Amino acid sequence: MFKRLITICALAMMFAGCGVLADNITPEEQALVQQRLDARSFRIDAEFMLPRRGGQQAITSPYGITVNDGTIISALPYVGQAWDLPYGGGKGLNFQAPIDSYTEERSASRRTIVIGTDNEEDYVVYRIEVFNNGKVDMTVRSQHREQINYRGRLDPEKDPSKKDK
């Protein structure tokens with residue numbers, strides 16, 4: 001019974017994720033999304049967090065990640081179990097660090113980017129699926145924390161490479 005419930009929940013989340021393809025943006029905005037990804041200079045705004053335990057939670061403050069000049073700035077809330085942390089909880093998912101690895105796969109409807117970074121307390125891997133319309137599904141894994149997922153969007157108008165953000 002428990003396995004059936006887990007399967008039903010997983011299917012419901014998967015089909016809910018299909019809704020990210022429904023939003024339309026102009027071809028110019030789609031081209032700008034691709035341009036930001038090609039330049040490896042983009043900002044993703046997180047709108048929802050999906051911890052492993054509990055339901056989806058809307059994020060009301062400006063949380064997200066910024067990738068620019070071989071650096072990632074992570075400013076994400078975290079809910080979940082953690083192991084072997086410094087006193088006080090450490091940095092969590094709020095830090096700036098150089099990118100250790102950056103890989104990318106492309107398909108007709110999306111780009112999947114995997115970024116690895118060491119923030120001096122933990123090794124964190126971001127798996128980011130950016131759809132052509134700018135919508136984003138992101139999974140964050142680390143050595144000392146439970147995996148967590150986020151949903152949001154890549155705003156093509158936000159250019160992290162410009163100093164006047």
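Quick notes
- A single entry from CYS9, CYS18 fulfils the requirement of being exposed (fewer than 10 other Cβ atoms within 10 Å of the Cβ), modelled with pLDDT under 90 and more than 16 Å from SER142 (Cβ to Cβ): CYS18.
- Looking at LEU76, LEU50, LEU37, just one residue is among the hydrophobic types (A, V, I, L, M, F, W, C) and farther than 15 Å from GLN147 by Cα, and that residue is LEU37.
- Residue list for region 49-64, filter: in a strand (DSSP E or B), out of contact with any Leu (no Cβ under 9 Å at 6 or more places or on another chain) and loosely packed, with under 14 Cβ neighbours inside 10 Å: ALA58, THR60, SER61, PRO62
- Here LYS91 passes the criteria (1) under 20 Å from ASP155 (Cα atoms); (2) surrounded by fewer than 18 Cβ atoms within 10 Å (Cβ to Cβ); (3) among the charged types (D, E, K, R) except the one numbered (1).
- Some residue of region 98-105 being touching a Leu at 6+ places or on another chain (Cβ under 7 Å) and small (Gly, Ala, Ser): no
- Among the residues of region 117-139, those that are under 30 Å from GLU28 (Cα atoms) and free of Cβ contacts under 8 Å to residues at least 24 places away in the same chain comprise ARG127, GLU129, THR139.
- Answer residue from region 75-105, given it is assigned to a loop (DSSP other than H, G, I, E, B) and within 14 Å of the chain's Cα centre (by Cα) and is modelled with the highest pLDDT among those: LEU76
- Residues (under 16 Å from ILE72 (Cβ atoms), assigned to a loop (DSSP other than H, G, I, E, B) and polar (S, T, N, Q)) located in region 112-165: ASN119, SER161
- For region 111-131, the tally of residues that are surrounded by fewer than 18 Cβ atoms within 10 Å (Cβ to Cβ) and either of a type in the set (S, T, N, Q) or under 11 Å from the mean Cα position of the chain (by Cα) (or both) stands at 4.
- Scanning region 28-48 for residues that are assigned to a strand (DSSP E or B) and of a type in the set (Asp, Glu) gives ASP45, GLU47.
- Only one entry in VAL33, VAL67 is closer than 15 Å to ARG153 by Cα, in contact with a Pro (Cβ under 9 Å, 6 or more places away or on another chain), modelled with pLDDT of 95 or more and surrounded by 11 or more Cβ atoms within 10 Å (Cβ to Cβ), namely VAL67.
The values are calculated or read from the model by the stated rules, or taken from the named source; none is laboratory data. Since this is a predicted model, take the numbers as computed values, not measurements. All Cβ positions, even for glycine, are placed from backbone atoms using ideal geometry, and neighbour counts span all protein chains on display.
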